[in-house]
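The values are calculated or read from the model by the stated rules, or taken from the named source; none is laboratory data. As the structure is a prediction and not an experimental result, all values here were calculated from the model. Ideal geometry is used to build each Cβ from the backbone, glycine not excepted, and the neighbour counts take in all protein chains shown. These area figures cover heavy atoms from the full protein model, side chains too; ligands, DNA and RNA do not enter into them. Shrake-Rupley method; radii C 1.70, N 1.55, O 1.52, S 1.80 Å.
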Amino acid sequence: MLPFYVSYNQPGAHYPMHYHDFAELSFVMEGTGSESINGVTHELRRGTMSLLLPHHIHELSSSSSDPIKLYSCMFDIHILFGNPYEDYMNRWIHKIGSELPSFHHFEGDRLNAVTTLIGQIVKEYKESHMGRDAILRGKLIEVVTLLLRAMLDGTESAAVQHNHPKMRVWNILRYIHLHYNEPITLNSVSSHFNLHASYISRMFKEYTGKTVGDYMHELRISRATTLLTASEMSISDICLEVGYDNYRTFARVFREHHGMSPSDYRMSHNRPVISP
């Protein structure tokens, strides 16, 4: 099946900082709020479409009086690159979040067009007609093309160039998100970015409220909880998968975060304990 998934969501007041291994296209149907992608914040309102590339870090806030309701399309980014007649995709997609913005506010006729397309995608996704995957891929390419066209015609791109006062810390955050399951330390991060460790530590704590070490532990334990409840991997394999080479350290940090051992956590979520 096509690696493509659609959901209709009403996020809570605040959806914390996170990232995905896949691409995500979101479209706001109603409500207001804000979204931060790689450190750049923009308004969310009816007609806002965002495209997140794999490993783009983002968080979302929703108004309590006018909550956000949106469609999210999550997919393997390679869906967009399967045809030589669509080479323009490859040329522009990878500029999103740097030379191009990550979002666009659709209005007027363009809003009507993309709203109709999103509706067609949702309808096709829910049904099982012959050629479903081909239709979904075609509609996704059409929506992304309209988004790219609007970005290139719009004015938001200037914001990407000039609204990055803390790009250093966001580059560090992205690096940690990409490599948290490897044996990285504050010193190795310092060496990679050619910045003094104490400077990185101070800047990182000021922006995130956490030390680099604490932040990596949170990422590792978050991934571990997913694997414990959604996979058949042994706990020792999960320990290695999320970046710990010592089970005692993994178990200690896991207990600090969840108040129980990894095996107890797995059993509490109705998963069998698989021996190492």
Name, by its number, the condition in (1) open to solvent by 20 Å² or more (accessible area, probe 1.4 Å); (2) assigned to a helix (DSSP H, G or I) that does not hold for His55. (2)
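Can you pull out every residue in the range 229-244 that is without any contact (Cβ under 8 Å) to a residue 60 or more places away in the chain and either in contact with a His (Cβ under 7 Å, 6 or more places away or on another chain) or among the charged types (D, E, K, R) (or both)?
From the range 229-244, those without any contact (Cβ under 8 Å) to a residue 60 or more places away in the chain are 229-240, 244; that's our starting set.
Correct list: Thr229, Glu232, Asp237.
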Looking at the range 158-167, can you tell me whether even one residue there is open to solvent by 40 Å² or more (accessible area, probe 1.4 Å), within 25 Å of Ser201 (Cβ to Cβ), in a helix (DSSP H, G or I) and at pLDDT 70 or above? yes
What are the residues in the range 82-113 that are open to solvent by less than 20 Å² (accessible area, probe 1.4 Å) and part of a loop (DSSP other than H, G, I, E, B), if any? Pro101, Ser102, Phe106
Select from the range 4-37 the residues that are open to solvent by 20 Å² or more (accessible area, probe 1.4 Å), in contact with a strand residue (DSSP E or B) (Cβ under 9 Å, 6 or more places away or on another chain) and over 19 Å from Ile118 (Cβ atoms) and list them in ascending order. Gly12, Ala13, His14, Tyr15, Pro16, Met17, His18, Tyr19, His20, Ser34
Being in contact with a Leu (Cβ under 9 Å, 6 or more places away or on another chain) and under 19 Å from Leu178 (Cα atoms) is the filter; apply it to the range 222-244 and report the residue that is surrounded by the most Cβ atoms within 10 Å (Cβ to Cβ). Ile238
